[in-house]
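Worksheet: one structure, shown below.
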Amino acid sequence: MTSKETLAPENTESPVGVSLLAMASAQPTSSLDETPLSRAGSLLQVTGPSLEFAEVSLTLGRTTILDKVSFQVQPGSVHALVGPNGGGKSSLIKTLLGQMPHQGQLSLHWPGEPGTIGYVPQALEFDRGLPMTVDDFMAAMCQRRPAFLGLSKHYAGAIGEALERVGMRDKRKRRMGALSGGERQRVLLAQGLIPPPQLLVLDEPMSALDEAGIQVFERLLTDWRAAGITVLWIEHDLEAVGRLADRVTGLNRRVLFDATPQQALTPERLLTLFSTHPRSAV
């Protein structure tokens, strides 16, 4: 599972997709270990990139997953992606991360040198019988040094602060398999903070959270917006989207609407979005 990719600083307009992973892997393997980390607990003011999907299509066999998807994500905004299960939301994210082939163009427009993309997946699949602690998991996801060699001093402080922000620092020695689903989701949120991202991609981060976890997530979302981080957020909780998002795109194989929450989350548009055979956009 790839949690984050750092784009090579070649230019400020970076095509993404299949090339994203290649660009990240082309960097020296020691680059992260040699670069001082910003404090995970106090996000610095940054300017995230804008993101553009232009006529992005994805077909698997005879099935059309994405059909000429086009929309833009503004820099420093919280942009929600909503739609029915099977509507292509997670596939679009995988296309962005270079995990699925596509037609069309995806572009990141950075204000300066290309930065870091953080990714928080919907769920974590692993053998719950493994003796893997929260610290072990964070080490495996955040450092190049093998996790079995222990937590790097370079990352120990940042990992502790990230876990503190999600309310999991006191459970860092617990086995991952012994955590509840909501606690594991908080750990996934924490790993998305290291190294500090300029673009954060979230795939249904609230799905397993309890009420306390939801409050933690909403506080993080507020912090990310204040810090200027660009957030692309897949979410089923439309009430939360209405309160927290700056803009909403409705996706059911194709874009049916792209507007502010007040304009997007109307009964008519939601009925169109969640119908089995989507009609033209309202």
Counted neighbours (other Cβ, 10 Å), sorted fewest up, put Met138, Met132 in the order Met132, Met138
Going residue by residue through the range 110-127, the Karplus relation 6.51 cos²θ - 1.76 cosθ + 1.60 with θ = phi - 60° gives ³J(HN,Hα) values, rounded to whole Hz and with x marking Gly or Pro, of 8, x, x, 5, x, x, 10, 9, x, 10, 10, x, 5, 8, 10, 9, 7, 6
Computed over all unlike Cα pairs, the Kirkwood hydrodynamic radius of the range 72-122 in Å stands at 13.0
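Quick one: if you take sqrt(5λ) for each eigenvalue of the C-alpha gyration tensor of the range 184-282, what semi-axes come out, biggest first, whole angstrom?
27, 14, 13
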If the label point sits 7 Å along Cα→Cβ of Thr266, residues of the range 66-103 with amide N under 19 Å come out as 82-83
Taking a ≥ b ≥ c as the square roots of the Cα gyration tensor eigenvalues, with a/c under 1.5 meaning rounded and otherwise prolate when a/b beats b/c or oblate if not, the range 46-152 comes out oblate
Residue by residue through the range 239-247, the couplings from Karplus 6.51 cos²θ - 1.76 cosθ + 1.60 with θ = phi - 60°, in Hz, x for Gly and Pro, are 5, 5, 4, x, 7, 10, 8, 7, 8
The range 243-272 scanned against label point 7 Å out from Gln74 along Cα→C-beta; backbone N under 18 Å for 243-250, 257-265
When Arg165, Arg254, Arg62, Arg128 are ranked with the fewest other C-beta atoms within 10 Å first, the list becomes Arg62, Arg128, Arg254, Arg165
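Coordinate-derived values only; no laboratory data. Not measured: the values here are computed from a predicted model. Cβ sites come from the backbone with ideal geometry, for glycine too, and all protein chains shown count toward neighbours.
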